[in-house]
1. Can you report the number of residues in region 292-311 which are in contact with a strand residue (DSSP E or B) (Cβ under 6 Å, 6 or more places away or on another chain) and either outside any helix (DSSP H, G or I) or more than 19 Å from Ile322 (Cβ to Cβ) (or both)?
2. As an exercise: evaluate Leu352 against (1) outside the structural domain of Gln299 (by TED's automatic domain parsing); (2) surrounded by fewer than 18 Cβ atoms within 10 Å (Cβ to Cβ); (3) under 28 Å from Gly236 (Cβ atoms) and give the number of the one condition it does not meet.
3. Condition (residue is part of a helix (DSSP H, G or I) and under 21 Å from Glu32 (Cβ atoms)) applied to region 315-323: is it met by at least one residue?
4. When residues of region 379-393 are filtered for being acidic (Asp, Glu) and in contact with a helix residue (DSSP H, G or I) (Cβ under 6 Å, 6 or more places away or on another chain), how many remain?
5. May I ask you to say which residue of Thr24, Thr99, Thr107 is polar (S, T, N, Q), farther than 27 Å from Gln152 by Cβ and surrounded by fewer than 20 Cβ atoms within 10 Å (Cβ to Cβ)?
6. Here is a list of conditions, (1) closer than 20 Å to Ile154 by Cα; (2) surrounded by 19 or more Cβ atoms within 10 Å (Cβ to Cβ), and Gly207 meets all of them except one; can you say which number that is?
7. Name the single residue that is farthest from Leu383 (Cα to Cα) among those in region 18-49 being assigned to a strand (DSSP E or B) and touching a helix residue (DSSP H, G or I) at 6+ places or on another chain (Cβ under 7 Å).
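The values are calculated or read from the model by the stated rules, or taken from the named source; none is laboratory data. All values derive from a computational prediction rather than experimental measurement. For neighbour counting, all protein chains shown are included, and Cβ atoms are generated from backbone atoms with ideal geometry for every residue, glycine included.
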Amino acid sequence: MQVLVLNSGSSSLKFQLISMPEKTILCSGLIERIGLNDAIFTFKTDKDSIEIIDNIPNHKVGLELLSKQLLDKETGIIKSTDAINIVGHRVVHGGKHFTDTTEVTPTVKDKIRALSSLAPLHNPANLEGIEVAEAIFPNAKQVAVFDTAFHQSIPEHAYKYAIANEFLDEHSIRLYGFHGTSHKYVSEKTIEYLGKEHSNIITIHLGNGCSMTAIKDGKSIDHSLGFSPVNGLIMGTRSGDIDQSIIFHLADKFGYSLKEINTLLQKKSGMLGLTGFSDLRDIQAEAEKGNKSCQLALQMNAYRIKKYIGSYTAILNGLDAIVFTAGIGENSPLMRELVCTNLDYLGINIDLDKNNVRPDKLTVISPESSKVKVLVIPTNEELEIAKQSVRLFEK
């Protein structure tokens, strides 16, 4: 069975074609910097590695480029679209409707569309991926795997907001959590590494979108993103935590509309608002040149992560490991160093030599003497999505 997995981020699209159940990766790749003139498309097989730099204005154009490459007579990997049995899609927000992996139907698409206001950078792209895939692979089963599903174990005292009860009871306004497929995958790898029946873990997913999860005995008990994926950590274009009175101040004092404020917090804030750049590689390069705004933004980013580490260590009542993952977490030794510096009171230390890596497998970057293990684990949301997609049809 061949499963094509599409993992749409806010400005990226990761993909893998996986032969199941043997878990053989037939091809993989990434489209990054979507929306920019210098977007990068990479496509890898065991024989070829292709890179294209072009203007990819949106996810639809990116998916069309991917499908063309998959079918290419010389460097492609399939001869017919019928070779794809399942297309597994990452969908960010499942709201109260979806607590598990689901086969896509018109009703499911309508619900994903209705939830777009809660994840405006993601759900529209996820839905677009589904609809393009339906057209390109008409005989394949389409499956949605929801980011919010892993966080269903968060207890009520953690997911409920301190507003009138009717907003939860009648309108389902609560913390949902995101990046669940990634947090689930790396936490399971960590538990396997620790070899402990009971464990306290903090997983740190750092990409264009960022989040942290407190995980006790394999279950999510709290998470930095909430009702929508805009609060918590400082992200590429999203603000993370702010004082909510700022929203009213922008409206009352400066005449911003609610739509303009939403766009500001979702698409024009975070590292982009602080520096003019949304890609951390650009920000780090500018910081090295002495750009004060970029230097401060990196410091602010790490500071916010440290605050969550402290609070999650408290609610876990101890800590066995912290895990860095996703594009920045895996590839930025600088961010890991900034985060882990001066956390020795919590038993967190890193070895600077061990940290100077961009690993392709689970790697320990803490010294032997560190009370808390600090790990870098490349996430594989695509494999997790493929596993869950196949399992759906084995029931």
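1. 0
2. (1)
3. Going residue by residue through region 315-323, those that are part of a helix (DSSP H, G or I) are 315-316.
From what's left, under 21 Å from Glu32 (Cβ atoms): none.
Within region 315-323, none of the residues are part of a helix (DSSP H, G or I) and under 21 Å from Glu32 (Cβ atoms).
4. Within region 379-393, residues that are acidic (Asp, Glu) and in contact with a helix residue (DSSP H, G or I) (Cβ under 6 Å, 6 or more places away or on another chain) number 2.
5. Working: Thr99 fails: farther than 27 Å from Gln152 by Cβ; Thr107 fails: farther than 27 Å from Gln152 by Cβ.
One residue alone meets the criteria, Thr24.
6. (1)
7. First, pick out the residues of region 18-49 that are assigned to a strand (DSSP E or B): 18-19, 24-32, 39-44, 49.
Adding the requirement that they be touching a helix residue (DSSP H, G or I) at 6+ places or on another chain (Cβ under 7 Å) leaves 18, 31, 41, 43.
Details: Ile18: 8, Ile31: 18, Phe41: 20, Phe43: 17 Å.
Applying the filter and picking the extreme gives Phe41.
Results for (1) touching a Leu at 6+ places or on another chain (Cβ under 7 Å); (2) buried (at least 20 other Cβ atoms within 10 Å of the Cβ); (3) closer than 27 Å to Lys68 by Cβ, shown as yes or no for each residue.
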| site | (1), (2), (3) |
| --- | --- |
| Gln142 | no, yes, yes |
| Gln152 | no, no, no |
| Glu166 | no, no, no |
| Phe178 | yes, yes, no |
| Ser187 | no, yes, no |
